[in-house]
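The values are calculated or read from the model by the stated rules, or taken from the named source; none is laboratory data. Just so you know, these numbers come straight off a predicted model, no measurement behind them. Cβ sites come from the backbone with ideal geometry, for glycine too, and all protein chains shown count toward neighbours. Just the protein is used for accessible areas: all its heavy atoms, side chains included, with ligands, DNA and RNA removed. Shrake-Rupley method; radii C 1.70, N 1.55, O 1.52, S 1.80 Å.
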Amino acid sequence: MTIKENILEILDDIKKYSPNPEKVKLVAVTKYVDSDTIKEVLKTGVNILGENKVQVIEEKRKELPENEYDIKWHFIGNLQKNKVKYIASYIDIIHSINKLSLAEEIDKRAKSHNRKIDVLLEINISEEESKEGYILKELLEDIPKLLKLENINICGLMTMAPFEEDEEKIRTIFRNLRLLKEKWNKEYFNGQLKELSMGMSQDYKIALEEGATLIRVGSKIYK
Ligand SMILES: *Cc1c(COP(=O)(O)O)cnc(C)c1O
């Protein structure tokens, strides 16, 4: 299948599986491909691109300059504090806040650019050792401090399901993230959590059914 056909299929699945398709955006994960392939993606009208390495975004931004291409770059990987400064002026959403010190650094860099950066709190719902993201207990301790950071806008939650076959386990993880968002909107966030970033090539349909608003799909686009 072509890139275009794959993307059309995913956009169609959003309508099929999501209870609120108008709230859902596709993040085309481009970490596997070069700028020429990205141009094929952009031609379909999809312009939210997910990358997990700062240096790679920097290189691709040079090849896809702002004055020619309207791209919203989303950072979806493990972000090192010392790299935040490179992306702070332009990054659209950082999906992967997994510790207070990282949030503080993003806040500081956003302030120096006179902007507020949208971020998501990444939660390791399954508490697997191998996974990135906050353990719930640690995040709960940090919430009051995170809420005081004025130059980040915590606009939602993100998780990665384990690579498993068991659909019900994956579904439970996505559902728990949605329930957490609903609960925390009342308890701490006064309704400001809008986004649920969950679902990848293998499991985005389940994520859509469970209320995902940002699906991060990579490999399926290039098959
Ligand atoms: C690579 C990646 C994706 C996309 O995964 P696919 O299985 O290729 O769709 C989504 N989210 C994160 C955080 C990733 O690193």
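Before moving on, here are some points about what is shown:
- Candidates in segment 192-209 are the residues that are acidic (Asp, Glu) and under 16 Å from the mean Cα position of the chain (by Cα); of these, the one that is nearest to the ligand (Cβ to nearest atom) is Asp203.
- Residue within segment 138-161 that is modelled with pLDDT under 95, buried (at least 18 other Cβ atoms within 10 Å of the Cβ) and touching a helix residue (DSSP H, G or I) at 6+ places or on another chain (Cβ under 8 Å) present: yes
- Considering segment 47-94, the residues that are basic (Lys, Arg) and under 18 Å from Thr37 (Cβ atoms) include one that is most open to solvent (accessible area, probe 1.4 Å), namely Lys62.
- Unique residue being among the small types (Gly, Ala, Ser) and within 16 Å of the ligand (Cβ to nearest atom) when the list is Ser112, Ser89, Ser96, Ser101: Ser96
- Restricted to segment 64-180, the set of strands (runs of 3 or more DSSP E) holding at least 3 residues that are within 18 Å of the chain's Cα centre (by Cα) and hydroxyl-bearing (Ser, Thr, Tyr) is empty.
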